[in-house]
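Shown next, in structure tokens, is the structure this report addresses.
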């Protein structure tokens, strides 16, 4: 059974906890109406802004769904990101105590009466360690309010158990985010947890005041103030070339220094002249079969290298070595996949773009967004339990 009665901090569990050991450290739970609404972006910016005020900030993500290996532990990738950026001086196992692997739910349901208390105890002990010596702790949820309900550790359950008030993050708009926030608020309220306000993310810059006004009116009907309206920054939505390579299982043929950001994707079913016109905008990733020798040869220029994020050779076909050499000499990143072009393009267009520690162009932008567009004083007041 994956869920054992042994703590991840090396001590047997003498008695199962019904509440966290720490009841004094200020805390705030950041949840969202659904995945990829901007929880991690908010937590990153919030942690940076609170640290800028001189506060020692702790962080925990009780339930990990996107898992990576960190030493001997399987932890959430967002936890790894925040720790790498801020060096929070907290054990990784305390910041990410529960990793949901492929068999986790099935194994839990084999004996929920025994496993449930152990799971909650693990989260409580991790929270206590993550909050130790901190002025405030940020708790990041996973998905919407009900994620984790199947094993009794939903976001609503965890917020109640940890004694947190909640800030909800939703995508920008009026009707849809208000509707989604109402559903999530109801689940938190059923658990006895107060949602103190909402942050609306990815709002078109020219509609900030409009959304703040009308979404604010809708949210006031739910008793929720708007704590922030974050303008859309396209750079935050664009993947870097390394992320594209990982998503498509591509291999590198030439990898120059730097990690270019892919702003748009085009398929190379065109003439060399048409390709030159299409590549006039920077950040273009060209997906083309390796047997298009004339097209590829025409792109082996310094001008194309400035516009191209890279070239992804599809269909398992490679151009002749002189063409590869010319593209490499021009400084153009080259990748290759076995998959045909249309399938690769669809995969890239549907990929989820996560912030990474090496995203030097994104991290300062996230810090600026939260510092300038979120009511930090209101969040600090809500955190004081």
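The values are calculated or read from the model by the stated rules, or taken from the named source; none is laboratory data. In this text the structure is predicted, and so the values were computed from the model without any measurement. Positions of Cβ are backbone-derived with ideal geometry, glycine not excepted, and every protein chain shown enters the neighbour counts.
Beta carbons closer than 7 Å, at least 6 apart along the sequence or on distinct chains, pair a first residue in the stretch 92-117 that is assigned by TED's automatic domain parsing to the domain that holds residue 63 and under 16 Å from residue 148 (Cβ atoms) with a second that is assigned to a helix (DSSP H, G or I) and at pLDDT below 85 for 108/115.
Taking the criterion of being in a loop (DSSP other than H, G, I, E, B), modelled with pLDDT of 85 or more and surrounded by fewer than 20 Cβ atoms within 10 Å (Cβ to Cβ), the residues of the stretch 104-145 that qualify are 111, 132, 133, 135.
Every residue in the stretch 175-189 that is in contact with a helix residue (DSSP H, G or I) (Cβ under 7 Å, 6 or more places away or on another chain), free of Cβ contacts under 8 Å to residues at least 60 places away in the same chain and closer than 15 Å to residue 158 by Cα, please. Answer for the stretch 175-189, where residues must be in contact with a helix residue (DSSP H, G or I) (Cβ under 7 Å, 6 or more places away or on another chain), free of Cβ contacts under 8 Å to residues at least 60 places away in the same chain and closer than 15 Å to residue 158 by Cα: just 187. Checking every residue in the stretch 18-25 against the condition of being modelled with pLDDT of 90 or more and either surrounded by 23 or more Cβ atoms within 10 Å (Cβ to Cβ) or under 26 Å from the mean Cα position of the chain (by Cα) (or both) gives at least one match.
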